[in-house]
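K.L.:
After the structure tokens below, expect a handful of questions from me.
Please treat every number below as a calculation from the coordinates, not as lab data. On a predicted model such as this, the values are computed, not experimentally measured, just so you know. Here the Cβ is made from the backbone with ideal geometry for all residues, glycine too, and neighbour counts use every protein chain on show.
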Amino acid sequence: MRIVITPGEPAGIGPDLIIQYVQHAQAHELICIADPIMLQARAKKLGLCRIIVTTQTFCEKELFT
């Protein structure tokens, strides 16, 4: 299963929730559409380091097939 998620407002709680969510093993692929630098900075600020950031460009068709 593939889940696509966006964190919403960068200054809000969304990025923190996503970072906390990925701290636990998941049985599915999670694609987060967000600024990777912002996610890394928030993870560091939260003292959580298990975050894998890759930068790729996807077209909508690739995400939902």
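K.L.:
Roughly speaking, what is the stretch gain from Ala41 to Leu17, that is 0.36 nm per residue apart minus the C-alpha to C-alpha distance, in nm to one decimal?
P.N.:
7.2 nm
K.L.:
Would you order Ile18, Ile31 from fewest to most other beta-carbon atoms within 10 Å of each residue's own beta-carbon?
P.N.:
Arranged by neighbour count, lowest to highest, Ile18, Ile31 become Ile31, Ile18.
K.L.:
Can I ask one more? Fewest to most neighbouring Cβ within 10 Å: what's the order for Cys49, Cys32?
P.N.:
Result, fewest neighbours first: Cys49, Cys32.
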